Amino acid sequence: MKIFLFLLVFTMSIGCATNSSSIHLKSKEKVAYLDLIELEEQLVAKDLTLDTIVAVQLYDNSLLFLKRFPKSINKETVLVLASKSSDGLNMNQENIALINELLASFPNSQHAPNYLYNKGKIYEEKLNDLTKAKVVYSALIEKHPESQLAKSMILYLAFLEKSSKEKSEYLNH
């Protein structure tokens, strides 16, 4: 009987320790998340330029958050913050990797078309790889045909297929 009572008390104490550490973890997660939100608010300086020191902090702290709290309900937002800061720092390959993680982790997000669009723009404008950009834009159209971005991308892809002369004439009218 004494052994049973000891095991019961021991089991209950483990349960209590787990609950209190879970609560402690959640409060640490909340503090870390709020710190990220505060950094995001400081990302753009008063003169509307990117504060690169803050961008580096936001990027690094976002990745640390994702490592420490991989199942956080804020994962999508934190991935976006990391992507946003990597974009500002012209860390294009890192940004593409973050967008790929967003798309893999949140394929049904209402923001998924935007993620694909941003990925396409990185290929097109920053990496000068129009072929890959077209593939991403086509994926946006295929996966999210009802989105406004998909409808715009249909027109944009048609524009990209025009010759330089046709593009110039189109833009001048």
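The values are calculated or read from the model by the stated rules, or taken from the named source; none is laboratory data. This is a predicted model, so every value here is computed, not measured. Positions of Cβ are generated from backbone atoms using ideal geometry, with glycine treated the same way; all protein chains shown enter the neighbour counts.
Here Leu116, Leu58 are screened, and the one residue that is within 24 Å of Ile37 (Cβ to Cβ) and not basic (Lys, Arg) is Leu58. Just to be sure before I move on: is Asn95 under 30 Å from Ala32 (Cβ atoms) and modelled with pLDDT under 95 in the structure I sent? Taking the combined requirement at face value, the residue does not satisfy it.
Selection of the stretch 149-173 for residues being under 28 Å from the mean Cα position of the chain (by Cα) and without any contact (Cβ under 8 Å) to a residue 12 or more places away in the chain yields Lys151, Ser152, Leu155. Might you check whether a residue that is in a helix (DSSP H, G or I), of a type in the set (A, V, I, L, M, F, W, C) and either at pLDDT below 95 or more than 25 Å from Asn90 (Cβ to Cβ) (or both) occurs anywhere in the stretch 134-144? Checked against the condition, which is being in a helix (DSSP H, G or I), of a type in the set (A, V, I, L, M, F, W, C) and either at pLDDT below 95 or more than 25 Å from Asn90 (Cβ to Cβ) (or both), the stretch 134-144 yields at least one hit. Inclusion of Leu48 among residues that are hydrophobic (A, V, I, L, M, F, W, C), surrounded by fewer than 17 Cβ atoms within 10 Å (Cβ to Cβ), part of a loop (DSSP other than H, G, I, E, B) and at pLDDT 85 or above is warranted. Restricting attention to the stretch 51-91 and to residues that are over 11 Å from the mean Cα position of the chain (by Cα) and among the basic types (Lys, Arg), the residue that is surrounded by the fewest Cβ atoms within 10 Å (Cβ to Cβ) turns out to be Lys71. Only one of the numbered conditions (1) modelled with pLDDT of 95 or more; (2) surrounded by 15 or more Cβ atoms within 10 Å (Cβ to Cβ) is not met by Leu130, and that is (2). Of everything in the stretch 146-173 that is of a type in the set (Gly, Ala, Ser) and either part of a helix (DSSP H, G or I) or in contact with an Asp or Glu (Cβ under 9 Å, 6 or more places away or on another chain) (or both), the residue that is surrounded by the most Cβ atoms within 10 Å (Cβ to Cβ) is Ala150.
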